[in-house]
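Asks: Quick one: the structure is below, and I'll ask about it shortly.
The values are calculated or read from the model by the stated rules, or taken from the named source; none is laboratory data. Because the structure is predicted, anything quoted here is derived from the model rather than measured. Every residue, glycine among them, receives a Cβ derived from its backbone with ideal geometry; neighbour counts consider all protein chains shown. For accessibility, only protein heavy atoms count, side chains too; no ligands or nucleic acids. Shrake-Rupley method; radii C 1.70, N 1.55, O 1.52, S 1.80 Å.
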2 protein chains.
Amino acid sequence: MATQLDQITQNLRELVLEGAYEPGAAVREVAVAEKLGVSRTLTRLAMAALEQDGLLLREPNRGFRVRSFTLDEVADAIEVRGELEALAARQAAERGLAPALAAQLRAILAEAEAVAQEGFKELSNRSRWIDLNCAFHSGIVEGSANKALPPALDHICRVPLAGPRAIVFNRTVPDQGIAQLQAAHDDHVQILDAILNRQGQRAAALIREHAYRSGRNKRANFDALQQTAVWPALPGVALVRRAGNE
Amino acid sequence: MATQLDQITQNLRELVLEGAYEPGAAVREVAVAEKLGVSRTLTRLAMAALEQDGLLLREPNRGFRVRSFTLDEVADAIEVRGELEALAARQAAERGLAPALAAQLRAILAEAEAVAQEGFKELSNRSRWIDLNCAFHSGIVEGSANKALPPALDHICRVPLAGPRAIVFNRTVPDQGIAQLQAAHDDHVQILDAILNRQGQRAAALIREHAYRSGRNKRANFDALQQTAVWPALPGVALVRRAGNE
DNA sequence: CCGACAGTAATTGCATGCAAAATTATCCCA
DNA sequence: TGGGATAATTTTGCATGCAATTACTGTCGG
């Protein structure tokens, strides 16, 4: 392990994301320290890190509380992500993809196609699909060669359900779920095509629309998403509220 | 003071930004603790916060080092900021500005006009101009009503020279400097006009261009900027390198 | 003269302890 | 019985201390 702090921070992050503490409720230092088996000092460090993540809110002399997110905030975050990825796609198109990266992205899409053929009944296929989705999106970012984009995207993807890992495998209405995934894949194909043809504006518009639809789907699927046990579980879904305060 | 930690963090942030520690050099806990007159624990907390800011880099078991930025990274960050503000402008236009906010933005531009008339010989005028610039930009963001934008912009503006406070009053070539400021002001007028007329795409394009030019100006003025004592001082300029490693 | 090694100093990682602030409980009095 | 002041408890804020890791320096062998 790099250092204990990193480990502890990650543990606490997962605890919070899986809803171990009620959103809005106080997170006591001693409780966390005992649960994680470390000292209060280390706990405090980890909580400070999670405050920067936006998962915890600190109130002076009153400690930390779990933050909750509204569906609107999630949608806003997705829109921001779309805009950042649109910049990435545009710059990738303008500057041109390195041949190796282009090949890699093509391979990702080819494998995604294969996975989709097999369907999503298997957990392994769903996991693989998620990984491929993430790989594609970060590949675009890499292609932009913009050094400020990765941290900016990391930051925005910390709001629950906003990142490319947050894919909803809707099993209550399977056909609809599959159709959405297929549509997303088709988007990817078009986006890569635009980038390879150096069509910056087209790529940007496509990826913006891609993000927009993703946000709409998440909003539409939200109820099913919280009720049914979808798997792999979406981290942070426990922190999202339909609407309301803070 | 809210708590000592916030104070200490801000003090250390200013120290780092003004170049008190050589970029790339180690920042020792004890040295900082003594300089700030607090314990190592508190110092460590503050340094962790500055790591999240991106100002310090942590290496396990080796402590923190001051990060340095290249001009390219600054330019990338400005491009990202431009894209985020373009989203803000577009959404503000689409959703419509609240009348009070519209009036406020008009007032800001009117006062900026008045300040420009007086010229920038006075420090107070330069400071005021910076404040008005910031107010205009955050007004657009407020008008977007996008809850994910403020934190995203805060984050990107932490890279030195990337934020709207980082205005270069070029005094080596005064006429050129004034011309740039005037051009920026004209941009603002056009942007507000586009938003008020609900021209989302136009507003977005204008603000994108606005950011792009801002980045170009900073690059062009960089040498003058580091050599001459411009005032108000630009925080973090000491951390920017023309090019190179890390 | 150069490189490996050992011992020492310096520095970070983490836990514990004490003081201050906030929260909760208790008691007194109207 | 209810309201408010006050005392007790809990909880956070911060400092100090010890262990572990890393960096330094001088020495020895080749």
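Asks: When you scan the range B:9-20, how many residues do you find that are more than 17 Å from the chain's Cα centre (by Cα), part of a helix (DSSP H, G or I) and either surrounded by fewer than 16 Cβ atoms within 10 Å (Cβ to Cβ) or more than 16 Å from DNA strand C (Cβ to nearest atom) (or both)?
Replies: Number of matching residues: 2.
Asks: Tell me whether the range B:66-76 contains one or more residues that are more than 9 Å from chain A (Cβ to nearest Cβ) and within 16 Å of DNA strand C (Cβ to nearest atom).
Replies: Yes, there is a match, as at least one residue in the range B:66-76 is more than 9 Å from chain A (Cβ to nearest Cβ) and within 16 Å of DNA strand C (Cβ to nearest atom).
Asks: In the range A:50-94, which residues are of a type in the set (Gly, Ala, Ser) and within 14 Å of DNA strand D (Cβ to nearest atom)?
Replies: A:Gly63
Asks: Let me ask you something else. Among the listed residues B:Glu59, B:Glu51, B:Glu111, identify the single one that is under 20 Å from the mean Cα position of the chain (by Cα), surrounded by fewer than 22 Cβ atoms within 10 Å (Cβ to Cβ) and without any contact (Cβ under 8 Å) to a residue 40 or more places away in the chain.
Replies: B:Glu51
Asks: I'm told B:Arg126 meets every condition in (1) open to solvent by 10 Å² or more (accessible area, probe 1.4 Å); (2) in a loop (DSSP other than H, G, I, E, B); (3) in contact (Cβ under 8 Å) with a residue 40 or more places away in the chain except one. Can you identify the failing condition by its number?
Replies: All conditions pass for B:Arg126, except number (2).
Asks: Search the range A:183-205 for residues that are at positive phi and pair each with any residue that is assigned to a helix (DSSP H, G or I) and open to solvent by 30 Å² or more (accessible area, probe 1.4 Å) when their beta-carbon atoms are under 8 Å apart and the residues are at least 6 apart or on different chains.
Replies: Once the first residue is at positive phi and sits in the range A:183-205, its partners that are assigned to a helix (DSSP H, G or I) and open to solvent by 30 Å² or more (accessible area, probe 1.4 Å) give A:Arg198/A:Glu94.
Asks: Under the condition of being open to solvent by 60 Å² or more (accessible area, probe 1.4 Å) and within 11 Å of DNA strand C (Cβ to nearest atom), which residue from the range B:21-33 is farthest from the chain's Cα centre (by Cα)?
Replies: Filtering the range B:21-33 for residues that are open to solvent by 60 Å² or more (accessible area, probe 1.4 Å) and within 11 Å of DNA strand C (Cβ to nearest atom), the one farthest from the chain's Cα centre (by Cα) comes out as B:Val30.
Asks: Pick from B:Glu73, B:Glu79, B:Glu94, B:Glu85: which is surrounded by fewer than 17 Cβ atoms within 10 Å (Cβ to Cβ) and charged (D, E, K, R)?
Replies: Going through B:Glu73, B:Glu79, B:Glu94, B:Glu85 in turn, just one is surrounded by fewer than 17 Cβ atoms within 10 Å (Cβ to Cβ) and charged (D, E, K, R): B:Glu94.
Per-residue answers, yes or no, for (1) under 16 Å from B:Arg165 (Cα atoms); (2) assigned by TED's automatic domain parsing to the domain that holds B:Arg106:
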{"residue": "B:Asp186", "(1), (2)": "no, yes"}
{"residue": "B:Asn197", "(1), (2)": "no, yes"}
{"residue": "B:Arg202", "(1), (2)": "no, yes"}
{"residue": "B:Arg208", "(1), (2)": "no, yes"}
{"residue": "B:Ala211", "(1), (2)": "yes, yes"}
{"residue": "B:Ser214", "(1), (2)": "yes, yes"}
{"residue": "B:Phe222", "(1), (2)": "yes, yes"}
{"residue": "B:Ala238", "(1), (2)": "yes, no"}
